[in-house]
Protein chains: 2
Amino acid sequence: MPELIQPVKAQSVKEPIKEQPVKTKKQVVSEFRQAEIITAARKVFAEKGYIAATVDEIAALAALAKGTIYVYFESKEQIYNAVLENDLDTLRDLTLENIASAQTAREKIAAYVNTRFKYCEERRDFFRIMHIEPSGSPVLSKARARGWLVEPVRQLTSAIENAIAEKQIGHWPAETLAWTVVDLTSGALQRRLSATPTTTARQDADFLIKFINAALSSTAS
Amino acid sequence: MPELIQPVKAQSVKEPIKEQPVKTKKQVVSEFRQAEIITAARKVFAEKGYIAATVDEIAALAALAKGTIYVYFESKEQIYNAVLENDLDTLRDLTLENIASAQTAREKIAAYVNTRFKYCEERRDFFRIMHIEPSGSPVLSKARARGWLVEPVRQLTSAIENAIAEKQIGHWPAETLAWTVVDLTSGALQRRLSATPTTTARQDADFLIKFINAALSSTAS
DNA sequence: TTGTTTATTGACTGCTCAGTCATTTTTGCA
DNA sequence: TGCAAAAATGACTGAGCAGTCAATAAACAA
């Protein structure tokens, strides 16, 4: 009877002397399987949404029996969490890094837009889940998804506030403006995801950045 | 065994002489029940999404037995269609009217934003369904929802093109700009729907309009 | 190779839910 | 008031699906 392997579990008592930080073979295999399952699940969830996706379908796509899935995950919900947690963390870190390393408020905004567009191109299925998931899904409510945006928005807001103080841009309500950047970006991405786009991602991103910059130069009357 | 009453059905052969356009009592009652069911269904769908909503729940909220629901509608999907069709048509007509009666491109854009905000305040549940529904739902795919926007966007696009030709606004790609107005609006509305907003709808709408106008005055470099 | 442990399997269970239909209740007419 | 037609009902059916587990296969050690 195989147990669920915890990703970062302390070494068991059976092997008290061996290297602690090194993964056991068991763990390596386990992580490999989990990754396989997550990959399959990401595709299925992106296509069907959480509720309509079935574990049988995920298992079929991963070329595993359903029972095997439940060796590595406790529930459908946990699979879903694993799928998102991973990409969500990466995306947030990437976004924050890129915002941080940009200098001016304008550049930080551009960094936000560009990071999202780039990551969206790379991980279409992940973005599809993000932008498509209904409120009823137990895990990623729209509200919770927004939570992941709070930190980037905070960064943008304070950069905008500084820029206003230094008269680099017009006098706008900073936080609302930051959320507007977010809305603009996800709107454009959503549009790219739902139809086959006639423009390149670069073109779309550049347009947005230009558009925002144009507005920034003016002042809220 | 009561039959499904078709909303706009030609008079049956039984009553060949009577007034054709006047509704029979049967029809009036039927429409009343349908409206009751639609109202209940709108609330449930808005809360749960199409898949998670159950017909039993809709019936309970409408204070009817499930069987009664199926006297007036053929399927869960048909209920869903009826819920949306209704509001979707109204919203589109309202939007187009208001755009048409505005003069300049700027005013037309403001008309679009204001109409959406106003209707959203009035019909929260409807907007919740619109903005929340997953791709897997059989009826309102994001793509199809976007279809309802095509006509308004067309109107805005041509207004923008004219305004550019007459140098009232900067030189922007007209259709992309129109879609941007749409994105901005639905983004802001979605934000209002998912958290209790700290600002009034008027404030949000005014901000958007000012923001767009500020950008319009410039030119895409 | 054989025996033991570990991983995999898929048939099975219990539950939820859309849709049905025989029965009961209401309506409206004589 | 009594009676027939229409409307409403809710117990029931069948399908689909998350999660289980006894049986089987693979991996590995001696």
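The values are calculated or read from the model by the stated rules, or taken from the named source; none is laboratory data. Keep in mind it's a predicted model, so treat the numbers as computed, not measured. Every residue, glycine as well, gets a Cβ built from its backbone with ideal geometry; the counts of neighbours run over all protein chains shown.
Tell me which residues, restricted to the stretch B:74-90, are free of Cβ contacts under 8 Å to residues at least 40 places away in the same chain and either within 16 Å of DNA strand C (Cβ to nearest atom) or farther than 18 Å from residue B:43 by Cβ (or both).
B:75, B:76, B:78, B:89
Residue by residue through the stretch B:71-87, note down the ones that are in contact with a Leu (Cβ under 9 Å, 6 or more places away or on another chain) and within 16 Å of DNA strand D (Cβ to nearest atom).
B:71, B:72, B:73, B:74 - these are the residues of the stretch B:71-87 that are in contact with a Leu (Cβ under 9 Å, 6 or more places away or on another chain) and within 16 Å of DNA strand D (Cβ to nearest atom).
Out of B:90, B:95, I need the residue that is within 30 Å of residue B:118 (Cα to Cα), at pLDDT below 95 and more than 15 Å from DNA strand D (Cβ to nearest atom). Which one?
From the options B:90, B:95, the qualifying one is B:90.
Across the stretch B:153-183, what is the number of residues that are over 22 Å from residue B:93 (Cβ atoms) and aliphatic (A, V, I, L, M)?
Total satisfying the criteria: 6.
Quick check on this structure: which one of B:40, B:60 is farther than 29 Å from residue B:109 by Cα and within 12 Å of DNA strand C (Cβ to nearest atom)?
Only one candidate qualifies: B:60.
Can you tell me which residue in the stretch B:31-61 is nearest to DNA strand D (Cβ to nearest atom), limited to those that are among the small types (Gly, Ala, Ser) and surrounded by fewer than 20 Cβ atoms within 10 Å (Cβ to Cβ)? Talk me through it step by step, then tell me what you get.
We begin by selecting, within the stretch B:31-61, every residue among the small types (Gly, Ala, Ser); these are B:35, B:40-41, B:46, B:49, B:52-53, B:59-60.
When the remaining residues are screened for being surrounded by fewer than 20 Cβ atoms within 10 Å (Cβ to Cβ), the result is B:35, B:52, B:60.
Values: B:35: 13, B:52: 12, B:60: 9 Å.
Once the filter is applied, the top-ranked residue is B:60.
Quick one: which of A:163, A:174, A:195 is at the interface with another protein chain (Cβ under 9 Å from one of its Cβ atoms), without any contact (Cβ under 8 Å) to a residue 60 or more places away in the chain and among the aliphatic types (A, V, I, L, M)?
It is A:195.
Has the stretch A:64-72 got at least one residue that is over 29 Å from residue A:194 (Cα atoms), part of a helix (DSSP H, G or I), away from DNA strand C (no atom under 15 Å from the Cβ) and free of Cβ contacts under 8 Å to residues at least 60 places away in the same chain?
Checking the stretch A:64-72: not a single residue is over 29 Å from residue A:194 (Cα atoms), part of a helix (DSSP H, G or I), away from DNA strand C (no atom under 15 Å from the Cβ) and free of Cβ contacts under 8 Å to residues at least 60 places away in the same chain.
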